[in-house]
Structures are given as structure tokens and as C-alpha cells.
1. For region 476-530, take every pair of Cα atoms, bin their distances at 5 Å starting from 0, and report each bin as a whole percent.
2. Could you tell me the distance between the Cα centroids of region 372-403 and region 313-352, to the nearest Å?
3. Using the scaling law 2.2 N^0.38 Å as the reference, what is the normalised Cα Rg of region 183-327?
4. Full extension from residue 204 to residue 271: what is 0.36 nm times the residue separation minus their Cα-Cα distance, to one decimal in nm?
5. Any idea what % of Cα-Cα pairs in region 244-292 are farther than 14 Å?
6. Kindly provide the trypsin sites (Lys or Arg not before Pro) of region 122-182 that DSSP labels as loop, not H, G, I, E or B, and whose Cβ sees at most 15 other Cβ atoms within 10 Å.
7. Based on DSSP H runs of at least 4 residues, each adding -39500 (n - 2.57), what is the mean residue ellipticity at 222 nm of the chain after dividing by all its residues, to the nearest 500 deg cm²/dmol?
8. Among 609, 291, 188, flag the residue with its Cα farthest along the positive direction of the charge dipole of the chain, charges on Cβ as +1 for Lys/Arg and -1 for Asp/Glu.
Amino acid sequence: MHEGRQGWVFVFLILFYSNSLGDFSRGQSYEANQKEDLIEQRKAYKKAMRFLKNNQFSSFSNEKEGLKNYSLYPYLEFNEKIYRISRYKEKQILKFLEDYSETPLGQPLLSHWLPILAKRGHWTVFLRNYRKLRNPSNELECLHSYALYKRESKFAGLEKAARLWTVGFSQPKECDTIFDLLNATGGISNEMAWSRLSLSIKADENSLSKYLLRYIAENQAQLASNFRLVHSSPKNLKKLKRFSADTLENKEIVLHGIARLTRREPVKALELLNRYSKILSFEASKLNETYEKIGLALSRRETDQSLLDSLPIKLRDHPDLVEARIRHSLRIKDWSNVLVLINLFSEERKDLEQWKYWKARVLSLSEDQADREVAQDIYSELSQNRSFYGFLASDLMGTKYNYNHEAHNISYDEIIDLEENKSVKRALELFALGYLGKARQEWYFATSRLEQHERIIAANLALRWGWHKASIQTMIQSRSWDSLTERFPVAHKDVFTRHARQLDIPISWSLAVARQESAFMPDAKSTAGARGLMQLMPSTARVIAKSEGIKYSSQDKLLEVDFNIRLGSNYLRWMLGRYNNNRILASAAYNAGPGNVDKWVNKDLALDVWIETIPFKETRNYVKNVLAYSTIYNYLLEQESPFIFTGEREQFGKRKAPKKISNTINSSVRGF
């Protein structure tokens, strides 16, 4: 397996730069088909696409004619129809859908064609084909609403329009016509107007909420104004007389404002809610929901325990708040309360390894030998798991880590057979040509139709092609959690190794970060703007590049594998230096920023307590995953390395509490 990887790494580099390699995954025994030269077909395909994009349709047709036996011929047909969609009649579109039903191209074509029908007013044809769509866009939903109004039922069309109108965001311009009809026919009721105003305010859509004021009834105008005021400045709720009306609208305003105030001033929010609950008849579920939000915010702070205990809600009914309370108790080292709170969980939740671990952690501090033996039994059970808590438990037990790795003996013939699957072949060809988004779409379409063992073969095939994201995703599809080779590919090993050695950082760590950040997807782009394999923000990348004397021409450079790994590795080195070679703090800083981590550092806490009490849930899970993934990569790289280094552990507080838990307290909590 390792020898095979060395071969495809070299060949993949050739492909990356030339986009002209043949079926290299077949290995040295493969002989190029001289009748249909794949290299020439790829060149011809790209040439045909250039003709199409330049509206040279005659040249495109001539080029396409010679590619009928090429695996990507359906994409030529598809793109021709997309570029010349206005020329095609229903019969031709339906023939394409039938001919290429075994591709993911039908739905995109329908989505592109239906707006053309709507523009021409062909509503009957529109309705007939709209039913074939699986996930219509908002634009098409609105066009369908109008089509219903025009051709089938005005009532059904307006009913759907009402649902589409009552949302907390602006709908596309395609909705304007049916919305105008809805308004003209009196279809926008006072209740709908208030509902949409409420949704838009809660979604922080200020421009929309301002626009919606025109639909608000005159007798609700002041309430609407109050709603927007409280959203922008919740401290206005201190004026109790202004918000004392016991109406549904006013109670909604008050609860929303208190929830907003909770973010910055949870103590003040609690005080106000207690006062309002005496003068307003809140619905019990909504009142409890708001108390829960306050409790969550208080739990993230150094809050007096009595304040949390004063919340007038039944904790057992709010498991998320129980979790937050546990973290608060861990932070203030109220060990016995941790056990009391764990006991409030359902049996299913108690059985999660996270809470088993903390039960054992607390019982291990007991003065009672029986409790400490229970703790050891739990640690022993957890140490069998390949996970953050499993590795922690193994360290506490002084035992070897359990990886539970399942290796698969995939034969050469199985690989070749699957490679001939038409959809798989298209996916691999798209990947080879650099059309990564389309390749992923085709791959997921293909693997969703495979049996369990075939998916394992597919993951190995993807690895042979250097397509790491596809291997990982396929293992997730098949729920093959123990297939470590396929789930944790040692991607771009030479590149990661080179930069890790130059910068003196653990290669297992940088691989783990990339695996967590993007699952080795080189073209990954986050909604926040992070780019590439190691998900670097362009602004951060620019600072790193300037400091390290690395040429940085544009943010598109971050989509280049080597460049991204180079900058990402440098940033890891920066964070490691900032936090005294502590991967725990450095990993948290890579995710949440060093400014936040500087505020969170508390060396009085044991390292497991510190990780468990990281304020941001995303960062908390991120750190756990990166540490666990690092250990898995050490195993796959055949490197002896501890889960937590001694130097890292020593930067945190002592593992045990200053004093043991008394027998009196233990007698009330033992046996949870």
C-alpha cells in the first residue's frame, strides 16, 4: 500500500501541472488505449468548452462530434443546453433527462430551464416539469406559486405565496409579482405582517424590518417601533411602564429584548425578567426558554453559584443548561456538584463518553476506595475507545492507546472494476481536469448508489488518485469509522513533512489541523472567507507572508496546496512560539484567535478541565479533534508520541483537586 502511494504521489504532481495524464491509477501494468487516446480527448474537451464559452457554436459542434466515446460527453451535451437553453423545446429537455438519468446533471438543467419557461409565460409546461425538481430554489418556489395562480388555482397560488412571504429575509425579485397579487387581494393579514416583522428583527435584518413597517396595522405601529428599539438597545427594557401591556406582541418584545441583553449583561437580564414575570403573563415554555438563555450566559462567567440556583426552572428539562452548569462547576472546582448535575441527564446522555469521563474524574478524587475503584473501571472502559476521552483515560491508566484500526485488503481487480463504473469514471475525469466542484458532485452521486464494500473500494480508489476529500467523505457515507487509512489519509506527505521539519513543528499536528479544517480540500472556502487546505483568512495570510518574506500576489494563491501548507505551517509555528510549545493553546488560537485564548488562559485549571471549559463550543470541539487526530496520525506515521506532552501538561494546574471529596457528599451521589 505504501509503495503504491509513492507512485501516485509522483504521478499526481505530473497531472496537477499538465492536466494531461492518462489512467495512472491503474499502475505500471496499464497500457494506453491507442484507439481513443485519453490525453487527446482531454485536450479536445477543453478546446470544445472554449468554443462554447466564446459562442463559436459551429466549431463546438465539430469538436463535440469526435468526443462521443469520451466519459465527459454528457457534460458537453449539458453545457451546450445551458448556453443555448432558449433554443430547446420540452421534448429535447426531457430526452436529455432520460438519456442521462444516471448523472447528477438533470436537476441543474431543470433549474436553469424553468425560469426560461416562466419568462415566456409557458406556465402549463412549467407546472408539468416543476414536479420533477427535488430541491427548488426560492426563486423557483415563487415562480411556481405564480404558475399555480395562473393555471391551476388562485387560492393555492396565494396560499403558497403567503408562506413564502412570511419569512425573516428578503425574497428574490422573482417573488415580486406574486407578492404584489397577494397584497392587492388583501392576503397579507395583520398577523402575517407582525410575524414577518418579528422574524426579520430576530434575524437582525434591519433594512427589511424597517421596510415591513408599512404593512403593520395602525394600532400596532408603536409596538413595532418598540420592537425595533429594544432589538437595537435592549437596555430600554428598564422602563417597565413602557412595556407593561400584557399583550402577545409586548410579551414577545420583552422576551426578545431580555435575550439580547443576556449576551452582555446576564445578571441585569435576570433581574429584569424576574420583575417582568410578576406583571406579565408569559407562556411557560417561552419564559423557561428565556431563563435557560440567561443560565447559559451566566454559566460562562465567574458567577455566584446561588445566582444560577435561583433560576426558576426545572434543570432536568434543560440538558444544554445542565452541560453549561457542569462546565461552570468544573471551572470553580465544585466537584461534587459535577456529579449531582450529571445525574440529571437522561440515561442516554449519561452514557456519552464525555460524561462518563467526568464522572470518573470526580470519583477518582473521593476519599472512599469504592468510588476510586468505580473511577478506574470507567477509565478502563473508556481507554478502549479511539477518541479524545479514550486517549485521556489511557494516559490516566498508563496503558497503550487503542486505535481499533480496520485494514481492508482491496484487490487490484476490484479497483479496476469500480474504475469502469461510468459515474465513477466521470468523477475521476473531472477531478483530473481540475473541475473539483463538479467532480465532488459526480462522486457523491456515484457513491450514494454503491453497496458498503463498494464504497470501501471507492475510498481506496480515491486515495490512489490523491483525492483525499473523496476518500474521507465516502467513509462517512458508509459509516466505516474504523477505516483509519481511508478516513485519515496522509495527504501531501512530502509537503507537510518539508515545512514541518523546516519550522520544527510536529507533522502529525499540522496534518491534524488540515484534516479538521478542510478534510484536505484544496479549494475549500468558508462563509467567513477562509481559504484552502488549512483555511487561512486572506488578511492573516498577508501578514504571515510579509513577515516571512514570502511573495503573496493574491488570495487565490491560498488555493495552491504547497503555498497554503507553507503559510498555515508558519502560522502554527507562530502560535506554538506564542504559547511556549503548547499545542493545546496553539490549536485553540488557530481556531479562535490568540486574542481570545489570551483571555481564556487559566493555569490554575488542569488541562482537561481547561479544554472542557473553553467558552466557544466550536473551539472546544476543535481542540479535542485536533489532539485526537494528531494521535491517530502518529499511529499511521508509525511515530511514538504521547497524546499530551509532559511540557504541555506542566503548563496547566494539578490534575487533582486541592482536597478530597468527603464521604458524606459521596454517599449521596455514588452509583450515578
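1. 4, 17, 24, 21, 17, 13, 4, 1
2. 22
3. Details: Rg = 16.6 Å, N = 145, 2.2 N^0.38 = 14.6 Å.
For region 183-327, the normalised Cα radius of gyration is 1.14.
4. On the way: separation 67, 0.36 × 67 = 24.12 nm, distance 2.49 nm.
Using 0.36 nm per residue and subtracting the Cα-Cα distance, I get 21.6 nm.
5. The calculated P(r) of region 244-292 puts 43 percent of pairs beyond 14 Å.
6. Those satisfying the criteria are 131, 132, 134.
7. Theoretical 222 nm ellipticity from helices: -19000 deg cm²/dmol.
8. 188
The values are calculated or read from the model by the stated rules, or taken from the named source; none is laboratory data. This structure is a prediction, so every number in the text was calculated from the model and none was measured. Neighbour counts are summed over all protein chains in view; Cβ atoms, including those assigned to glycine, are modelled from backbone coordinates with ideal geometry. SASA here: full protein model, heavy atoms, side chains in, ligands and nucleic acids out. Shrake-Rupley method; radii C 1.70, N 1.55, O 1.52, S 1.80 Å.
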